[in-house]
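Here the structure is laid out as structure tokens; the discussion comes afterwards.
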Amino acid sequence: MSSRKNHPISTRLASVLVVSLVSIGIGAFTPVFASRPVAAPNTKKGADGPNYTLTRPALVVGIFVEGLDADYVNLLRDNFTKNGFNRFISDGVTIEDVNYGTDLDATAATAMLMTGAAPSVNGVPAARAWDTETRSDYPILLDQAKIGNFTDETFSPASLRVSTISDEVRIADGGIGLVHSVAPDAQVAIILAGHAGNSGFWLNEFNGKWSTSTYYRDVPAAIAKRNYGITLSSRLDTISWTPSIPLDLYPDLPDYKKQFPFRHNFPARDPNRFRAFKVSAPGNHEVAEIGIDYISSLNLGGRGVTDMLNLGFNVSPYPYGRDTDTRVETMDAYIRLDSDIANIVQAIEKGPGMANSVVFIAGTPGPSGGKREDDRWNIPAGQFSPKRAISLLNIYLIAIHGNGEYVSGYYDGYFFLNRKQIKENGLDERTIRRESAEFLTRMSGVTAAYTIDDILERRAGEDAHALQRNTSIDHAGDVMIVVNPGWQITDSSAEGSNDSQFPTIRNVATTSPVYILAPTVAPAKIDSPVDARVIAPTVTRILRIRSPNAASLPPLRFPKRK
């Protein structure tokens with residue numbers, strides 16, 4: 001990978017002309033509302049010398065937070081700074097209930113936010129998918145044709161089938177605008193960078209390096225400094241996570257939680273220390289610091305075009321502590337993230353200024369599973385073994401249709417049938433799927449079972465429509481099961497193993513808040529549910545650029561700031 005070379009003077013002049021022509025073209029098809037400048041036109045000196053008139057935002061910053069919950073934000077407002085969440089709530093648009101439809105992980109939810117399209121269209125239904133040939137799972141954005149930088153992971157956005165907000169930002173200015181992303185998770189970072197981004201970096205959980213794919217060309221100085229100078233591996237022993245305020249100041253805590261403050265360290269002897277750091281409050285701070293470095297060192301928002309910076313954070317319940325009750329850690333993560341957001345806002349003020357910038361905070365659902373409750377609480381529980389279910393289902397189908405291996409595997413709620421075997425036996429796939437679903441429904445711990453035919457034809461229960469739109473036919477299995485809340489899905493065929501590493505099924509809300517702060521938009525609050533697919537066209541409308549190519553829903557319309 002190499003950094004971009006400086007353009008010769010003639011190329012720079014051509015670039016200015018391209019920007020002018022693209023701006024004129026965009027104005028020709030944007031709605032009347034969007035024909036006004038984002039702020040009162042500011043005349044500044046551009047990076048290449050000549051003065052320019054800013055008619056669109058100079059900088060857009062997307063802050064994506066896994067596990068963000070509006071209830072926690074509202075609960076902790078008295079503990080927040082004035083320039084963090086409180087500023088977005090008081091001066092921007094608050095959308096409290098952005099609905100993803102069904103239980104999506106952060107990777108799929110981020111793709112929905114960035115594309116304005118459901119997984120059935122954008123091609124990203126989950127972080128990982130099942131390979132029926134190798135009978136193993138793999139990262140959804142795996143691309144073995146690329147090489148990893150600072151990592152042996154090989155990713156690219158090739159499996160993301162449609163354009164993103166990031167792509168449209170670059171296209172709008174003929175590629176002169178910069179788009180960068182930083183996130184702890186590799187696939188989230190790639191989705192945030194999009195197909196046309198300059199760089200997308202994530203934290204390697206084995207060596208602590210900020211890593212990327214050779215798909216992207218740029219390595220900003222802020223990353224090089226951390227990979228060759230102040231490396232995380234050399235600093236992590238000195239980093240600890242403790243309460244940022246006295247325990248008495250955390251709201252709604254029972255007395256017993258106020259007696260013993262938490263402390264989480266990341267010692268060199270811990271093989272999971274980078275993995276734990278990625279989902280901790282100190283990990284969020286590291287991302288924020290890199291983002292702030294990007295804004296200043298790359299002069300984002302000060303180059304006469306629209307630049308974009310996307311950052312990924314996490315406030316989901318911390319999974320590496322000993323206690324199943326992580327309320328204090330969660331609240332502290334929010335308080336620390338609020339401070340990080342305030343610092344990002346301050347960096348924008350020092351750069352292009354908030355009057356010339358659009359900043360939005362978008363929540364994505366956190367992990368739906370959790371640790372099993374202590375046996376002393378007598379919460380109904382059990383264990384569902386996919387291996388045992390595969391064996392019993394195969395025996396059942398053999399009894400009906402003769403010898404053969406009819407079931408090839410299970411992954412992420414789906415059973416995959418051996419279609420080659422079914423074809424060789426001259427059987428009808430739909431019939432085998434239906435028989436399999438009927439059998440699985442009778443197994444302990446299974447609430448319901450739906451065939452892929454049921455899902456695509458919207459016969460899969462009360463969430464049939466949402467389930468259909470969030471199912472990617474290229475990655476779905478043949479039969480989907482719903483397991484009882486409180487149960488664990490194990491990797492073992494032995495029942496009653498009581499292995500605490502397996503997550504416990506919980507029914508959780510598939511909604512998260514979104515906050516938008518833009519100079520042309522008046523403060524507003526939307527309480528009614530909003531489809532997650534409208535966020536992308538809403539953001540691009542504020543930016544006065546076209547929507548991603550698969551964004552089929554109209555944008556939200558807000559009152560204009562006077």
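Numbers for the structure displayed
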read-out: Under the Debye formula (equal points on every Cα, no solvent term), log10 I(q)/I(0) of segment 128-168 at q = 0.34 Å⁻¹; value: -1.08
read-out: q = 0.09, 0.12, 0.15 Å⁻¹, segment 405-537: log10 I(q)/I(0) [Debye, one scatterer per Cα]; value: -0.40, -0.64, -0.87
read-out: Carbon + sulfur, % of accessible area of segment 91-140 - ligands and nucleic acids excluded, 1.4 Å; value: 42 percent
read-out: Positive-end residue, the chain charge dipole about Cα centroid, Cβ charges, pick of Leu417, Ala129, Gly148; value: Gly148
read-out: Cα gyration tensor shape of segment 210-358, rounded if a/c is under 1.5, else prolate or oblate by comparing a/b with b/c; value: oblate
read-out: Filtered trypsin sites (Lys or Arg not before Pro), segment 398-504: DSSP coil and at most 16 other beta carbons within 10 Å; value: Arg442, Arg458, Arg459
read-out: Semi-axes of the equivalent ellipsoid for the chain, Cα gyration tensor, largest first, Å; value: 41, 29, 23
read-out: At R0 = 41 Å, FRET efficiency that the Cβ-Cβ distance of Asp428 and Asp491 yields, to 0.05; value: 0.80
read-out: Segment 246-303 - convex hull of alpha carbons, volume per residue in Å³; value: 152 Å³
read-out: Positive-pole candidate from Ala381, Ala347, Ile176, dipole of the chain, charges at beta carbon; value: Ile176
read-out: Rg and Dmax of segment 289-401, Cα atoms only, in Å; value: 23.9, 72
read-out: Kyte-Doolittle at least 1.6, axis length at least 30 Å by Cα - qualifying DSSP helices, the chain; value: 9-29
read-out: Rounded to the nearest 20 debye, dipole of the chain from Cβ charges on Lys, Arg, Asp, Glu; value: 2100 debye
read-out: Segment 100-197 shape via C-alpha gyration tensor axes, a/c threshold 1.5; value: oblate
read-out: Magnitude of the charge dipole, segment 351-431, Cβ model with Lys/Arg +1 and Asp/Glu -1, debye to 20; value: 80 debye
read-out: Probe 1.4 Å, protein heavy atoms only - accessible area per residue of the chain in square angstrom; value: 43 Å²
read-out: Segment 129-169: GluC sites (Glu not before Pro) in DSSP loop, at most 16 other beta carbons within 10 Å; value: Glu133
read-out: Segment 374-453, accessible surface, carbon-and-sulfur percent (1.4 angstrom probe); value: 49 percent
read-out: Equivalent ellipsoid semi-axes - Cα gyration tensor, segment 362-458, angstrom; value: 30, 18, 12
read-out: Where Tyr320, Tyr410 fall by accessible area, highest first, once all protein chains stay in place (1.4 Å); value: Tyr320, Tyr410
read-out: Cα coordinate range in segment 152-222, projected on the principal axes (Å, largest first); value: 37, 28, 17
read-out: Selection from Ile432, Ser408, Pro503 lying farthest towards where the dipole of segment 394-548 points positive, charges on Cβ; value: Pro503
read-out: Kirkwood hydrodynamic radius of segment 419-465, from inverse mean 1/r over distinct Cα pairs, in Å; value: 11.7 Å
read-out: Check: segment 336-489 dipole with +1 on Lys, Arg Cβ and -1 on Asp, Glu Cβ, in debye; value: 220 debye
read-out: Rounded to the nearest 10 Å², the accessible area of Glu438 at probe 1.4 Å; value: 90 Å²
read-out: CD proxy at 222 nm, helix term only [per DSSP H run n ≥ 4: -39500 (n - 2.57); per residue of the chain; nearest 500]; value: -9500 deg cm²/dmol
read-out: Accessible-area composition of segment 259-341, carbon plus sulfur, in percent [1.4 Å probe]; value: 48 percent
read-out: P(r) histogram, all alpha-carbon pairs of segment 326-372 included - 10 Å bins from 0, percent; value: 21, 38, 25, 13, 3
read-out: Alpha-carbon Rg/Rh ratio, for segment 276-325, with Rh computed the Kirkwood way; value: 1.19
read-out: Span from the segment 206-266 Cα centroid across to the segment 515-545 one, whole angstrom; value: 31 Å
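The values are calculated or read from the model by the stated rules, or taken from the named source; none is laboratory data. The shown structure was predicted, so the numbers you read here are calculated from the model rather than taken from an experiment. Cβ sites come from the backbone with ideal geometry, for glycine too, and all protein chains shown count toward neighbours. To get the accessible areas, we keep the full protein, side chains included, count just its heavy atoms, and leave off ligands, DNA and RNA. Shrake-Rupley method; radii C 1.70, N 1.55, O 1.52, S 1.80 Å.
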